[in-house]
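Computed from the coordinates by the stated procedures, all read-outs in this text should not be read as laboratory data. Since the structure is predicted, the reported quantities are computational estimates derived from the model, not experimental observations. Every residue, glycine among them, receives a Cβ derived from its backbone with ideal geometry; neighbour counts consider all protein chains shown.
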Amino acid sequence: MTEKSYPKGSAFPPLTKGKLRLYSMRFCPFAQRTRLVLAQKRIPHETVNVDLKEKPEWFLERNPLGMVPTLEQDDKVVYESLITCDYLDDVYPQNRLTPADPYRKAQDAMLVDYYGSKCIPNYYKVMRTEGKDEEAKETLTKALQKLDEEVSKRGKFFGGEQVAMIDFMLWPWFERIGLLKSAAPDLLPSATKFPKLFAWTQAMLQEPAVKATLFDLDTHMIFVQSYKDGKPNYDIGLER
Ligand SMILES: N[C@@H](CCC(=O)N[C@@H](CS)C(=O)NCC(=O)O)C(=O)O
């Protein structure tokens, strides 16, 4: 099995009975959510990276939406990042990442939903417009302010004193927030701007699961540039 992305026309890498497989793309933040959960819970699995521009036919047969992350195990296929993560937490109950308390669980789900509608789309809008979309910048600023207040109420992590599912669901775009440094320098958390959120990013960087799935900013930048140029390089660093 190779880490290189499988393109359209490639042969299907055979499944092994009982073995969990993740279809992924190395730079996809949504797939990173699932990779973080797999790493944190130490779930044995294999990864098949797919070329999302020229998708293999066998990938589309499994997920007609053609999106990563997608999980497969025997006759089961599960996709959508949040659904894959909850599924893994349910099927592999060791070291549970989701709160047992229903109200706390609902609060986390509300925050992840808010993040998905206010932060993620505006993060991409600010990047795409190189900071010229003032409304997107303002909405993102307000959302980061809310996250800063929220984490200061909750503890070291959004999950409290221990890292939890919610932290991993938020993390991938914070790993990439430095990509906004020229478009919107005021948005970057620091010791003076969104300080609690900044402290959280520093704590997250110490987490083994984060370390295991992390790419540095230069590598993210190379990927984003290749994507903007219409030729996404899914195999950065694997060329040889
Ligand atoms: N809502 C999906 C979004 C996943 C997503 O957008 N993945 C991108 C890669 S970062 C993808 O698979 N894109 C392929 C496509 O849209 O054709 C989730 O949470 O899993």
Inset, instruction - Would you list the membrane-span-like helices of the chain, meaning whole DSSP H runs whose alpha-carbon atoms span at least 20 Å along their axis and whose mean Kyte-Doolittle value is at least -1.0? - result: none
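Quote the FRET efficiency, to the nearest 0.05, computed for residue 58 versus residue 231 with a Förster distance R0 of 22 Å and r equal to the Cβ-Cβ distance. Don't skip to the answer; put the middle values down first.
Numbers: r = 23 Å, r/R0 = 1.06.
It comes to 0.40.
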Legend entry - DSSP bridge orientation in the chain - percent antiparallel, rounded to nearest 5: 60 percent
Legend entry - Distance between modelled label sites at residue 132 and residue 199, nm, 7 Å Cα→Cβ extension: 4.0 nm
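With N denoting the number of residues in the chain, provide Rg(C-alpha) divided by 2.2 N^0.38 Å, to two decimal places. Spell out each step's value before the answer.
Numbers: Rg = 18.1 Å, N = 240, 2.2 N^0.38 = 17.7 Å.
So the Cα radius of gyration is 1.02 times the expected 2.2 N^0.38 Å.
Among 143-150, 192-199, what's the highest-first ranking by average C-beta atoms within 10 angstrom per residue? Mind showing how you got there, number by number?
Values: 143-150: 17.9, 192-199: 16.4.
Highest-to-lowest ranking by the protection proxy: 143-150, 192-199.
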Legend entry - For the chain, calculated [θ]222 nm from helices alone, where every DSSP H run of n ≥ 4 adds -39500 (n - 2.57): -14000 deg cm²/dmol
Legend entry - Cα-based reach from residue 228 at 26 Å (exclusive), listing lysines while leaving out same-chain residues under 8 positions away: 4, 8, 53, 55, 118, 125, 132, 137, 181
Legend entry - Top of 13, 189, 29 by mean-square fluctuation, Gaussian network on the chain, Cα under 10 Å: 13
Inset, instruction - Give me D for region 102-206 in µm² s⁻¹, whole number, from Stokes-Einstein with Rh from the Kirkwood sum over alpha-carbon pairs, 10 °C and 1.306 mPa s. - result: 115 µm²/s
Inset, instruction - Go through 75-82, 226-233 and give me the packing order, highest mean Cβ count within 10 Å leading. - result: 75-82, 226-233
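Where does each of 134-142, 122-130 land if you order them by average Cβ count within 10 Å, highest first? Working shown, then result.
On the way: 134-142: 15.7, 122-130: 17.2.
By packing density, highest mean first, the sequence is 122-130, 134-142.
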Inset, instruction - Please name which of 122, 198, 15 has its Cα lying farthest along the dipole of the chain towards the positive end, using unit charges on Cβ (Lys, Arg +1; Asp, Glu -1) and the Cα centre as origin. - result: 198
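Pairs of Cα atoms under 8 Å, at least six residues apart: use those to get the relative contact order of region 1-150, whole percent. Before the final figure, lay out each step's value.
Numbers: 177 pairs, mean separation 30.7, N = 150.
RCO, region 1-150: 20 percent.
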Legend entry - Under 13 Å from residue 211, Cα to Cα: aspartates and glutamates that are on another chain or at least 8 residues apart: 175
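From the mean inverse distance of alpha carbon pairs (Kirkwood) and the Cα radius of gyration, derive Rg over Rh for region 1-99. Don't jump to the answer; show the numbers that get you there.
On the way: Rg = 12.9 Å, Rh = 13.6 Å.
Expressed as Rg/Rh, it is 0.95.
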